[in-house]
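Okay, structure first, notes after.
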DNA sequence: CAGTGCCTCTGGATCGATACAGTACGCCGT
DNA sequence: ACGGCGTACTGTATCGATCCAGAGGCACTG
């Protein structure tokens, strides 16, 4: 049998508590006795207090759960997500806490909430979930601190994010000011079905994902102000947030008449794919077709993409801080970080 | 106070065990009573058995720890690591298990082992650690299943990996067969100091990292067989596994006389950087200078890089399987996956 | 009607630690 | 000699569940 505190205590001839103190509160016993205990423990092959038992008693798990939809692979592939995780990891590390990655099923009702109920963690970070996902209710029930990048009516969760709608409103105003009137939007989560192709979105409010809904709303507002009705805006859904998917989506838009003069993608990855498709047709980005992204990932700079910059790593870092010790005042539990429109080479005056 | 099993039991008028069974073993009680219990629990705001307490009793944490050196950011930036994690995540998911990412300090003795001792996990996956790292001893002491991609004398750990030396031996033989005699090797972990620049490696055996040591050994053997003494091989250490670093390392090699006719990088990322440097000098890869990588990441195909292919995702997947239920027979606890030399455009006959 | 077996539910022991009140003891001042 | 005080250590209660031997009820059998 593996040794426990008691095993060591018996071997040294002291009480269990004293052995515990030898590990957790060295100031509570003499240095001499502590040495004797640690030596005996090493001899017995005792590696220190059992983390699970300690967690139970201390009521601290030493980990925060990060919720992902379905495949974790996505998280590692998306540059924005990577930046976010880096930020989260940095504050976790500082708080002597690990990151527990939890995949949530999107179909199986059971596998969709089980990770939330079973995870040994001190709090949860919601990366991005649709409004209807059952895990959101499970999170509330569990009663642990939660930080989300999305707002949800009635939720106790902290918020760390940006004003998504204001960000795309700025981008939309930029396009309108350049004279664009025929626009299209490409994004990932417009429909539940994961397929690439044109979709009809009667109103941005219908979209189940917070970020996409808000970003669409921003574009809608900016365009409406510029006299462009939402019904004239083409919307294309993609199956996955990938460069090839962005190109495929753009193909739908570029090969039909009348061609849009500007395409707004809801992520940079997609926007880069759109650029590929534009160039593949011999069109010049920023002249024949303007392209705008979102996130400002490193490749956006390289490729001169006009996009909305958001502080990805900072979002992660602040999320971690809020989880590690949640402020009692609800007012302090909402952090809205600034975004900026970065105009580069892929946006220009609408062609006449 | 948060409700416990007992709270619910009292409310319904049954025993604690019965409430426990309602959640964990539904077949042990009547459907009717189970409904009443779950209803009462919902009414009390009881979200189900406490994961920590459950873990203690069941002796299962529902997570496996993944050990990283220092910054987690690295893990998310390296394409090979991402593939590996994807594989690991896929089998973890299947086994209803999460991934706990644990950063290990490389300097602070305390922070180097604490995560190993404190993590609530069922096993550990060692991604890549130097032989001297204190966490390795802590892992043995903890007595949990461990899977590593590196072999360590006297370790109980399972092994999932490749024959690193055989892989680079094949690459070395390829270069020798093409007539190369002046060679150089670029890698990340030759020295403890994290800086980019030439280093002297008297013997590959001196290198503290398993993979690099073995890969160097493979090159050494192939070259020795081809009559190229190790002492004539230039070695350059880089501070980080990045493309820019690869280019910087190549700069040292390309700007001195006599220029090596072939440069072997111990990762594709570095090799791509080397290619950048080669091209920046107006030299043609595969003609003036041959370049070989390792890993076969997606970009290697795109850029026509000659490299060693290794099944990254499969390594992760098999590691996960071995951790989830470790075979009793030690013979089954070692998996060596195949590698292949993929010859593309960046290697060619040595210039005369 | 006793005997057998199944189904449902109970209660105490247990997992491995930490918290905290309490005890033992040495040392000081008067 | 004795009260007061600080240090070093002990012992019991507790964290919140699961395990398991066994009790009670009920139907079925001979």
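Derivation of every value follows stated rules applied to the coordinates shown; laboratory data play no part. Note that the structure is a prediction, hence the values are computed from the model and not measured. With ideal geometry, Cβ positions are generated from the backbone for all residues, glycine too; neighbour counts draw on all protein chains shown.
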**Report entry** Cα gyration tensor shape of region B:63-162, rounded if a/c is under 1.5, else prolate or oblate by comparing a/b with b/c
**Finding:** rounded
Query raised in the report: By how many nm would the segment from residue A:301 to residue A:200 lengthen if fully extended, with 0.36 nm per residue of separation less the alpha-carbon distance?
Result: 33.2 nm
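Determine the calculated [θ] at 222 nm for the protein assembly as shown from helices alone, applying -39500 (n - 2.57) to every DSSP H run no shorter than 4 residues and normalising by the residue count; nearest 500 deg cm²/dmol. Write out the running numbers ahead of the final one.
Values: 28 runs with 304 residues, N = 704.
The helix contribution divided over the protein assembly as shown gives -13000 deg cm²/dmol.
Can you say what percent of the DSSP beta bridges in region A:164-312, counting only those with both residues inside, are antiparallel? Round to 5.
For region A:164-312, the DSSP antiparallel bridge percentage is about 20.
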Query raised in the report: Helix A:164-177 versus the longest principal axis of chain A: what angle, 0 to 90°, nearest 10, using Cα atoms?
Result: 20 degrees
Report summary line: Computed over chain A, the relative contact order (Cα-Cα under 8 Å, seq sep at least six) in percent reads 17 percent
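Could you check what % of the DSSP bridge pairs in chain B are antiparallel, to the nearest 5? Walk me through the numbers on the way to the answer.
On the way: 7 of 40 bridges.
In chain B, DSSP labels about 20 percent of beta bridges as antiparallel.
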Query raised in the report: How far is residue A:202 from itself in the other copies, in nm, if each label sits 7 Å out from Cα along the Cα-Cβ line, shortest first?
Result: 7.9
Query raised in the report: In nm, what does the list of distances from residue B:27 to its counterparts in the other copies look like, shortest first, when each label sits 7 Å along Cα to Cβ?
Result: 5.4
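Tally the DSSP beta bridges in the protein assembly as shown and give the antiparallel ones as a percent, rounded to 5.
Values: 17 of 83 bridges.
Bridges in the protein assembly as shown are about 20 percent antiparallel.
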Query raised in the report: What are the label-to-label distances in nm, one decimal and shortest first, from residue A:301 to the same spot in the other copies, with labels 7 Å along Cα to Cβ?
Result: 2.9
Report task. Using only the Cα atoms of the protein assembly as shown, build the gyration tensor, take square roots of its eigenvalues as a ≥ b ≥ c, and label the shape rounded, prolate or oblate: rounded if a/c is under 1.5, else prolate if a/b is larger than b/c, else oblate. Result -> oblate
Query raised in the report: Relative contact order (percent) for region A:231-330, with alpha-carbon contacts under 8 angstrom and 6 or more residues of separation?
Result: 21 percent
Requested in this report: Any chance you could give the angle, 0 to 90 degrees and rounded to 10, that helix A:210-225 forms with the longest Cα principal axis of chain A?
Outcome: 30 degrees
Query raised in the report: Which angle from 0 to 90°, rounded to the nearest 10, does the C-alpha axis of helix B:312-324 make with the longest principal axis of chain B?
Result: 30 degrees
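Could you work out the relative contact order of region B:63-162, using alpha carbon pairs under 8 angstrom and six or more residues apart, expressed as a whole percent?
On the way: 148 pairs, mean separation 29.2, N = 100.
Value for region B:63-162: 29 percent.
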